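Notes to accompany the following structure.
The values are calculated or read from the model by the stated rules, or taken from the named source; none is laboratory data. Just so it is clear, the structure is predicted and the values come from calculations on it, not from any experiment. Note that each Cβ is placed from the backbone with ideal geometry, even for glycine, and that neighbours are counted across all protein chains shown.
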Amino acid sequence: MIARIISGFLMFFFGGLVTVPIGFAQTVKVGITSKTLFFMPYYVGQKKGSYAAENIRIEPVLIGRSDVQLAALLAGELQIGSLNADATIVINEKGGNLKVIAGVDNSAPYILVGGKAYKKIDDLKGARIGVSALRGGATSILLDYLKSKGLVHPRDFSMVVISGGTAARLTALESGAIAGGVLGIPYSDIAVDQGFNRLGDTLELIPTYQFNAVTINPTWAEKNRVLVVRFLKAHIRSLRWIYEYPDQAAEFFTQEMGVKPPYARRGVDYFTKNKIFPIDGAVTLDGLKMNIEVQARDGVLKEPLPSPERYVDLSYLKQAQKELGL
């Protein structure tokens, strides 16, 4: 009798331990620029259980502007930032201290798309172009690309900030609010099929780039190292799921973000074929070096240029990869 009572108690106690973590999962606020393919790994992790497996609950916070996300990260209102590395470079050069710890998008696949009346790049002279911010990220890429084609800001065109990422710029293009803008794949495909004009591919000029990256404030991260490592383990699992199940990933893209077939599958295939999603969460130091060079051409950095390692801390990622047996 006593043995049965003890056995029942142990089953209740240890059975309870299995369910306790669900109620006490640590919440991590993650800054995300837009609910688009660029940030799909976070939503995959949230819906497919990658974070739950690490006893984490993420709270995606949509912040369409990098400067606002940076301020929230520095103030401790976000625990994880997910933004282009340009922003991290700029804030660190101004005396801040943020670190890139993993990759989200290790390239910036942007197509320059013009309105129906703008059939070539020269047609954009005197026009208004939609951007996500006045500096950094997609804007730096756009300015660099247009400069290579002979168009210089502000001499040849003006810019208007459109918050909300590439999907918002597509909407602005459709409404006629802007003459052109860079659109991520597959949104550029959608625009072209609607009769808008494909004016150029920025990957011709900048094939590698540390675009969106998992970014932390070291003051918080060092106090929560175990949590950060668990977060990265979940992040890597999400990335690997996209590569392993592209059919399901495309369906997920449609269900979660409203991008219809065949565009959803085109986007997933493009991002995996071109290794834009880093399957092991890696940071591209070659890409980060390009970020630095673009920022120098944009007048943000001066010679001698810093090394990419100045802006990264790979210790968290290496630990996560080790624990996953990679």
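Can you pull out every residue in the range 266-314 that is closer than 18 Å to ASN217 by Cα, surrounded by 15 or more Cβ atoms within 10 Å (Cβ to Cβ) and either modelled with pLDDT under 95 or of a type outside the set (Val, Ile, Thr) (or both)?
PRO308, TYR311, ASP313, LEU314
Within this structure, VAL182 passes the test of being over 24 Å from TYR51 (Cβ atoms), crowded, with 22+ Cβ neighbours inside 10 Å, aliphatic (A, V, I, L, M) and touching a residue at least 40 places away in the same chain (Cβ under 8 Å).
Return yes when LEU146 is surrounded by fewer than 22 Cβ atoms within 10 Å (Cβ to Cβ), farther than 30 Å from LYS322 by Cβ, over 20 Å from the mean Cα position of the chain (by Cα) and not basic (Lys, Arg) and no when it is not. If you could, list the steps in order and put the result at the bottom.
On the way: surrounded by fewer than 22 Cβ atoms within 10 Å (Cβ to Cβ): no; farther than 30 Å from LYS322 by Cβ: yes; over 20 Å from the mean Cα position of the chain (by Cα): yes; not basic (Lys, Arg): yes.
So LEU146 fails the test.
Could you pull out the residue among LEU134, LEU112 that is at pLDDT below 90, more than 19 Å from ALA213 (Cβ to Cβ) and of a type outside the set (Asp, Glu)? Break it down into steps so the answer makes sense when it comes.
On the way: LEU112 fails: at pLDDT below 90.
Among LEU134, LEU112, only LEU134 is at pLDDT below 90, more than 19 Å from ALA213 (Cβ to Cβ) and of a type outside the set (Asp, Glu).
Matching residues to (1) of a type outside the set (Val, Ile, Thr); (2) assigned by TED's automatic domain parsing to the domain that holds LEU151; (3) on the phi > 0 side of the Ramachandran plot; (4) in contact with a His (Cβ under 9 Å, 6 or more places away or on another chain):
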{"residue": "ASP269", "(1), (2), (3), (4)": "yes, no, no, no"}
{"residue": "LYS273", "(1), (2), (3), (4)": "yes, no, no, no"}
{"residue": "ILE279", "(1), (2), (3), (4)": "no, no, no, no"}
{"residue": "ASP286", "(1), (2), (3), (4)": "yes, no, no, no"}
{"residue": "GLY299", "(1), (2), (3), (4)": "yes, no, yes, no"}
{"residue": "SER307", "(1), (2), (3), (4)": "yes, no, no, no"}
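Cβ-Cβ distances below 8 Å connect the following pairs, each with a first residue in the range 40-62 that is among the hydrophobic types (A, V, I, L, M, F, W, C), a second residue that is assigned to a loop (DSSP other than H, G, I, E, B) and surrounded by fewer than 20 Cβ atoms within 10 Å (Cβ to Cβ), and a separation of six or more residues or different chains: ALA52/ALA25; ILE56/ALA25; LEU62/LYS35. Flag: ILE141 does not match the condition of being assigned to a strand (DSSP E or B) and in contact with a helix residue (DSSP H, G or I) (Cβ under 8 Å, 6 or more places away or on another chain).
Yes or no: ASN92 surrounded by fewer than 24 Cβ atoms within 10 Å (Cβ to Cβ), touching a residue at least 24 places away in the same chain (Cβ under 8 Å) and in contact with a strand residue (DSSP E or B) (Cβ under 9 Å, 6 or more places away or on another chain)? Criteria met by ASN92.
Filtered by the rule that a residue be under 22 Å from GLU222 (Cβ atoms) and among the hydroxyl-bearing types (Ser, Thr, Tyr), the range 49-101 gives TYR51, SER82, THR88.
Is at least one residue of the range 227-238 in the same structural domain as PRO278 (by TED's automatic domain parsing), under 18 Å from ASN274 (Cα atoms) and either touching a residue at least 60 places away in the same chain (Cβ under 8 Å) or touching a strand residue (DSSP E or B) at 6+ places or on another chain (Cβ under 9 Å) (or both)? Talk me through it step by step, then tell me what you get.
Keep residues of the range 227-238 that are in the same structural domain as PRO278 (by TED's automatic domain parsing), which gives 227-238.
Add one more test, that the residue is under 18 Å from ASN274 (Cα atoms), and what stays is 236, 238.
After this cut, where a residue has to be either touching a residue at least 60 places away in the same chain (Cβ under 8 Å) or touching a strand residue (DSSP E or B) at 6+ places or on another chain (Cβ under 9 Å) (or both) as well, the list is 236, 238.
Checked the range 227-238: at least one residue is in the same structural domain as PRO278 (by TED's automatic domain parsing), under 18 Å from ASN274 (Cα atoms) and either touching a residue at least 60 places away in the same chain (Cβ under 8 Å) or touching a strand residue (DSSP E or B) at 6+ places or on another chain (Cβ under 9 Å) (or both).
Number of residues in the range 153-176 that are in a loop (DSSP other than H, G, I, E, B) and either touching a strand residue (DSSP E or B) at 6+ places or on another chain (Cβ under 7 Å) or among the acidic types (Asp, Glu) (or both) equals 4. Per the listing ARG198, ARG230, the residue uniquely within 21 Å of VAL113 (Cα to Cα) and among the basic types (Lys, Arg) is ARG198. Scanning the range 203-249 for residues that are crowded, with 22+ Cβ neighbours inside 10 Å and hydroxyl-bearing (Ser, Thr, Tyr) returns TYR209, THR215, SER238.
Among the conditions (1) in a strand (DSSP E or B); (2) assigned by TED's automatic domain parsing to the domain that holds PRO278; (3) of a type in the set (D, E, K, R), ARG198 misses just one, which is (2).
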